[in-house]
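> Can you read through this structure? Questions will come right after.
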Amino acid sequence: MKRTIAGYTVMLGLTALMIGLYLGEFKTLAEIVRSYTFLLP
Amino acid sequence: MRAEELSGKADDDLRRFKFKWTLPRLVVQLFSLLAVNALVFTQIYPYLSLKPIPFGLPILSSVNSPATAIYGSLDLIQLELSQPEFPWIMLGTVFLIGAVVGRAFCGWVCPIGFVQDIITTLKGELNFVSPRSHKTGTRFKYLVLFAVLLISGTLALALYLGVGSDYKIALGIFATGPFIAISPDGTLFGTVPILLTAARQNFFSFLAKPPTIQQAWAQLTQVQPLLALRLIILVAFFGAAWKVPRFWCRYICPTGALMAVFQKYSFAGIKRDPVKCMKCPHCEIRCPMQINILDLPWEKFNSAECIMCMECVDACPHGSLSPKFP
């Protein structure tokens, strides 16, 4: 049962990754990484 | 010596040799600490051209530190929600890593976990919390995670619907990430080195002309409240880690809470051989997360608190514990 849940979780994770890649989310992440570094003193 | 005796001796030696996980874990933790804070090398060797990776891992690694090369998933989730963008990739990563190795990143990769391990090693003993307080405390981190996701989620929804600008202004610095603003990893690897550099630069002028009490008090009152809060949290973090091993991971860390949800159903786990197990408490005594290992099912256990540090496996004198995958 636990392994089945883990298997479905892996599939969900892969699906979310694919959607993110399809939507070009890495561009957003790259922009965040570039602009949000070191916010505070 | 006869051939049978020699063979028996070899078997005994083989049985006596037991692989220890402590050294490989230490190497991985050390390497991870350097890799996660790899941008510090650009300060030492300015000709190096390193940039942060636009990808996160389920560890505590703050965007507030200029040395960070690999950010924490929860930090990036909060920042994406404040854009507002749905964090598909980061959620996918969390789901994937959580399902495969559970909270192993807490035990093997997280720099904050490594710092706490060093503190515990320096102290040389593990303190135990009363079971009741421990049980209540472990629930607190889920509350922290809920609060973080509630603030970030409602802000993202409000911004998406075009009515969140006032909410964002009201949240101030917490709008970009409620937990990022106060997390001790950013203070430890970002703020403290910068403060120390500034202190070193002003040290000789301070010695040449020490400030009066009034001047010192005036300077202290100019410290930003958020900076003061961050430093207080950092000091409390060190104090708590000294008192209780992995205090932050056990009771506060929202990333740990997020991964604990998956740990229970992850492929990675530990099994206990009921034939070899003598029910001695060595494994429970060595566990930094205070898990009642002997009460868990022997076939394979995935406690939500288990960080797969393998301390119990190393501690077992009978070799009854071993990792199990899947």
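> Sort out for me the helices (runs of 4 or more DSSP H) sitting completely within segment B:153-240 that have 3 or more residues that are free of Cβ contacts under 8 Å to residues at least 12 places away in the same chain and touching a helix residue (DSSP H, G or I) at 6+ places or on another chain (Cβ under 8 Å).
So the answer is none; nothing clears 3.
> Still on this structure: Restrict the check to segment B:307-315 and report whether at least one residue is farther than 30 Å from A:Thr4 by Cβ and among the hydrophobic types (A, V, I, L, M, F, W, C).
yes
> Something else: Scan the helices (runs of 4 or more DSSP H) fully inside segment B:19-102 and keep the ones with 3 or more residues being surrounded by fewer than 21 Cβ atoms within 10 Å (Cβ to Cβ).
Ranges flagged: B:22-36, B:40-44, B:88-101.
Residues are listed down the side, and each one gets a yes or a no for (1) at pLDDT 85 or above; (2) more than 14 Å from chain A (Cβ to nearest Cβ):
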residue	(1), (2)
B:Phe189	yes, no
B:Leu220	no, yes
B:Ile252	yes, yes
B:Gly269	yes, no
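The values are calculated or read from the model by the stated rules, or taken from the named source; none is laboratory data. These figures come from a predicted structure and were not determined experimentally. Note: ideal-geometry Cβ built from the backbone for every residue, glycine included; neighbour counts use all protein chains shown.
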